[in-house]
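The values are calculated or read from the model by the stated rules, or taken from the named source; none is laboratory data. Note that the coordinates shown come from a computational prediction; the quantities given were computed from them, not determined experimentally. Quick reminder, even Gly has a Cβ in these numbers, built from the backbone with ideal geometry, and neighbours come from all protein chains shown. Calculation scope for accessible area: heavy atoms of the full protein, side chains included, ligands and nucleic acids excluded. Shrake-Rupley method; radii C 1.70, N 1.55, O 1.52, S 1.80 Å.
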Amino acid sequence: MAALLLQLAVLGAALAAAALLLISIVAFVTATRMSPLYQHEEEKFFLNAKGQKEALPSIWDAPTKQLSVVVPSYNEEERLPVMMDEALAYLEKRQKYGSDKVRVIKLVKNRGKGGAVRMGVFSSRGEKILMADADGATKFPDVEKLEKGLNDLRPWPDQMAIACGSRAHLEKDSIAQRSYFRTLLMYGFHFLVWFLCVKGIRDTQCGFKLLTREAASRTFSSLHIERWAFDVELLYIAQFFKIPIAEIAVNWTEIEGSKLVPFWSWLQMGKDLLFIRLRYLTGAWRLEETKKRN
């Protein structure tokens, strides 16, 4: 009996090793190089207040504003106006910022949330760049908390630092309102993030993040993932380059209309997490010092 159990254990270990090897090969073979910042001709311009085409700036240019806000939006006709009203009202009150008009970048092809944020970041003018979701789940004045968190990280190495909004402090309340299945998925995802990619950050998926211009250019220049799991790779890259990261508790309210389908979206993100780790481990993706480029 003992010999049989030992044989089964050896067989199970061999099958697991073979499966991991197969998955690693698939991850390596299917890996694509870092997505170049390809812009269709229509994506190189925005319409100014006069309705005239004006060329978009580049992240590699010197900053001309103190803050840029990047809001990815796809089928957000109902939620975006509410979020924009709050954001613009807040920015107008802060004289050191001012809204200085809204610039809309229309993407010819759906690049996913990560791809849309990347395009917005690479067209930003600010010394600091804020990522914010279109649903307005995080109250915009909480940017002041992120600014304080960013300042507390000084001195910034090579002027790079990141402050991540976090909902981790609300976890107990959210668990009470969720089904056991969704809670299990949440804990499973958090474990995979910690085990495979990012250590020390409890909430990687909050869409409210503030980056210095230098940190944004370094991390987004190396980004491969363009879908929902892009936040995880972004922080993985930041930790690889030893960019200091602060996790800051923010106010957050769940807004109806989420595009995530609980089971399939989490399954897709789980696959992305595994492939992120395997592709960097196998050398299919490499992180190197990013040089300034035109």
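Quick notes on this structure:
- In region 205-237, the residues that are more than 19 Å from Ala284 (Cβ to Cβ), among the hydroxyl-bearing types (Ser, Thr, Tyr) and outside any helix (DSSP H, G or I): Thr212
- Among the conditions (1) touching a strand residue (DSSP E or B) at 6+ places or on another chain (Cβ under 7 Å); (2) modelled with pLDDT of 90 or more; (3) of a type in the set (Asp, Glu), Glu144 misses just one, which is (1).
- Leu185 meets each of the listed conditions (1) outside any loop (DSSP other than H, G, I, E, B); (2) modelled with pLDDT under 95; (3) in contact with a His (Cβ under 8 Å, 6 or more places away or on another chain) apart from (3).
- Of all the residues in region 185-212, those that are among the aromatic types (Phe, Trp, Tyr), closer than 20 Å to Gly114 by Cβ and open to solvent by 30 Å² or more (accessible area, probe 1.4 Å) number 0.
- Checking the stated criteria, Leu130 turns out to be surrounded by 21 or more Cβ atoms within 10 Å (Cβ to Cβ), in contact with a strand residue (DSSP E or B) (Cβ under 8 Å, 6 or more places away or on another chain) and closer than 30 Å to Gln268 by Cβ.
- Some residue of region 243-255 being in contact (Cβ under 8 Å) with a residue 40 or more places away in the chain and closer than 22 Å to Ser58 by Cβ: yes
- So Ile162, is it of a type in the set (Val, Ile, Thr) and modelled with pLDDT under 90: no
- Residue check, Trp266 surrounded by fewer than 23 Cβ atoms within 10 Å (Cβ to Cβ), assigned to a helix (DSSP H, G or I), of a type outside the set (Val, Ile, Thr) and modelled with pLDDT under 95: yes
- Test for Leu80: is it of a type in the set (A, V, I, L, M, F, W, C), modelled with pLDDT of 90 or more and in contact with a Phe, Trp or Tyr (Cβ under 9 Å, 6 or more places away or on another chain): no
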